1. Charges only on Cβ, +1 for Lys and Arg, -1 for Asp and Glu: so what's the dipole of the range 498-564 about the Cα centre, in debye to the nearest 20?
2. How much length would be gained if the chain were fully extended between Y424 and W153, taking 0.36 nm per residue of separation minus their Cα-Cα distance, in nm to one decimal?
3. Amide H of V568: which non-local residues (sequence gap of 5 or more, or other chain) have their own amide H closer than 5 Å, using H built in the peptide plane?
4. Give the Rg (one decimal place) followed by the Dmax (whole number) of the range 557-658, computed from C-alpha coordinates and expressed in Å.
5. Return, ordered by residue number, the residues of the range 222-266 whose backbone nitrogen is under 19 Å from a label point located 7 Å along Cα→Cβ of I111.
6. Roughly speaking, what is the centre-to-centre gap between the range 588-661 and the range 182-207 when only Cα atoms are used, to the nearest Å?
7. What list of ³J(HN,Hα) values in whole Hz, one per residue of the range 370-375 in order, does the Karplus curve 6.51 cos²θ - 1.76 cosθ + 1.60 (θ = phi - 60°) give from phi, with Gly and Pro shown as x?
8. If each residue's Cβ is checked for other Cβ atoms within 10 Å, how do I364, I425 rank with the fewest at the top?
Amino acid sequence: MLVEGAPTRAILSLSARLFLAFSHGLIPFIFAFLFMAITQQPCHAQSPETPPAPLPAKVSELLHLMNDPELRQWLEKRQAAEQQRPAIAETMIETGEARARTRYQALRSAIPTVPAQIAAAASRVREQARNSGFAPAIVMFTALVCVGFTAEWFFKKTVVKARFQNPLVAYAVGEFGPWVTFTLVSSAVFLAIDWPPLLHVVILFYLLAFIIARLAFAVCKPLTDAGALSAFGTRRIRVFIAVLAVAGATTSVARPLSVDRDVETIISYGFSILLLLIAIEAVWRRPANATVAEQRTVVSVLYSIYMICLWFFWAINFLGLFWAGIYLIVLPRLLTAVGRTAEAFAKGHWPNDDKNSARMVLAIRGSRAIVIVAASAWVIFIWHYNPNILARENPTIDAAVRGALKSIIILILADLCWQLSKAYIDAKMGDVDSAASSPSAEAARATRLRTLLPIFRNALAAVVIAAAVLTVLAEMGVQIGPLIAGAGIFGVAVGFGSQTLVKDIVSGIFYLMDDAFRVGEYIQSGNYMGTVESFSLRSVRLRHHRGPVFTVPFGELGAVQNMSRDWVTDKFLLRFPFNTDVAKAKRIIKQIGEQLKEDPEIGPQILETLEMKGVEQIGDFGVELSFAFTALPGRQTYIRRQAYTMIRDAFIENGIEFAQPGAQVAGEERSDATALTLQKKWGEQMARSPSPRT
């Protein structure tokens, strides 16, 4: 049995502390060492060589107590109880439930005190203002706002009526100038007055809320003018912003006015419920098409549930999920609205630029990038991110957060760089298309650029994407050195395994370097012919003149016949009777050539007009005359058809006939006179029939 007393209680307390340390994993080794020392103590005591040193009395008493069966039994029971403790998750759930229950009871008991707390705070502010010679807070705030509105009215009467050459500056001054004037004047008056402490706090927060709300109203105006917001949406957003501003100011002055924390929480919950009801009302009453009433009801129910969940996340202080849900709905629409507004303003400033111009892209993408950066900064502010503290507590999380923030900036810059480059290339391609229609050396250069620019654009996109991805991975802590090395080895392996693909790519590079063909040219290579429509890294797309499309790898092209480069000479033969006056026919052809050259539609397409070369050969049924002209590539067929028509009409008008095949019928029963008679009749019949086209 243990002896009752102070030493005994001290020893028991010490043993219990040792066991608690044992349960945390630090003392098991010390306890085992002491236990081994105790069990081996008798053997050491019997050693005649090294007599043991006498132990202190307290240590002897401790060792005696450790060998006590009752104490050991108690320690074993305590250890078993510690091992049977509930899991950490269950403990957290129980702790959270108890904390929530306590919080709920505290808030429920504080609800009846809300009017009294608010009245007491207002009384303190009013009493301090009266003692300092000031009017009540509502009067002072109204007077301060009136002073700001007076300055704003004066600004509208003087500055806004001034004419600005830049319409963008004029619009900005007209919409945001009054707000800037109100802010500067009201802030200056507020800073010039020595306010009592409580009145100072009240006026400061409500004036700040009023200024921020008016700024939000001013921002909604250009969004509405640009078509990004409807009139209904603008009205609901303004109501929401006004209530939110009052809520923010009221909850901010609650603590300086010595309002109880529970009452402050109840006030914030009340305003949050009011904001939730405004949002739900806007969802259910938004304008919609009457033919989709059932679908509109389902969407409204889903939106309402979603907003209730967001309010619940805010109420239980899960701000990360709350803002993530807010961004999921608001950020895409906000980016669209900001992009439309920026486009409208840029159109007003640069009316001759299209949407793909560099300045328009910079205005639209730049404004969206500013919104994304502001949203990221707001999340950082909400989470109270402090790099120094987080780096000391958890370097891994700090590195991940830093990498995520840098990745956002990198992706924004990559997108902006790509969009600007793409806009510049597209604008250059537009200039090239307009210059390619003129027959000059500049047109040939423009056509070559039209061929190379799409390939350069695709290559630039691949480079930007690869650089952005590798940079983001590096910022997130991924070692990209082995990744690049592995990609190189994989590329070599793919190169050996796909020699045909490499052949196509290399052949395409040399075709482009040799300027063998360009977009819009008609080429023929083996069994493939058609107009070049586009390129890829490994093939060319040909459109046949009858419609089919050929996608031919560069490695299969071989020798290329380009039928659209510089000029084309078209030659054709016509057959005439042996007695044809060749000199007269040449004069007629010369007149036809002059007519073709003077034609306003055909003339600019002819480089060397139609002329007769002379007698090409003498055939069985007549002589063959050769004709030729030189024209722009691709227009020779049209010009030749027009020439055929004019030659036929002119020769018939001047009595020149085209040669016709003749036949002689001979037989033993017929005489030569009969044969000549039949041939003469056949000739007359052929002369009366229309002359065939050769």
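No lab work stands behind these numbers, since they all come straight from the coordinates. As the structure is a computational prediction, the values presented were derived from the model and not from experiment. Here the Cβ is made from the backbone with ideal geometry for all residues, glycine too, and neighbour counts use every protein chain on show.
1. Values: 6 positive and 6 negative charges, 40 e Å.
The calculation lands at about 200 debye.
2. Working: separation 271, 0.36 × 271 = 97.56 nm, distance 4.51 nm.
Additional length available on full extension: 93.1 nm.
3. Close amide H contacts, sequence-distant or interchain: A631.
4. Cα-based Rg and Dmax for the range 557-658 come out at 14.9, 51 Å.
5. 260-266
6. The range 588-661 and the range 182-207 have Cα centres spaced 94 Å from each other.
7. Each residue's phi maps through the Karplus curve to give 4, 5, 5, 5, 5, 5 Hz.
8. Details: I364 21, I425 17.
Going from sparsest to densest Cβ surroundings: I425, I364.
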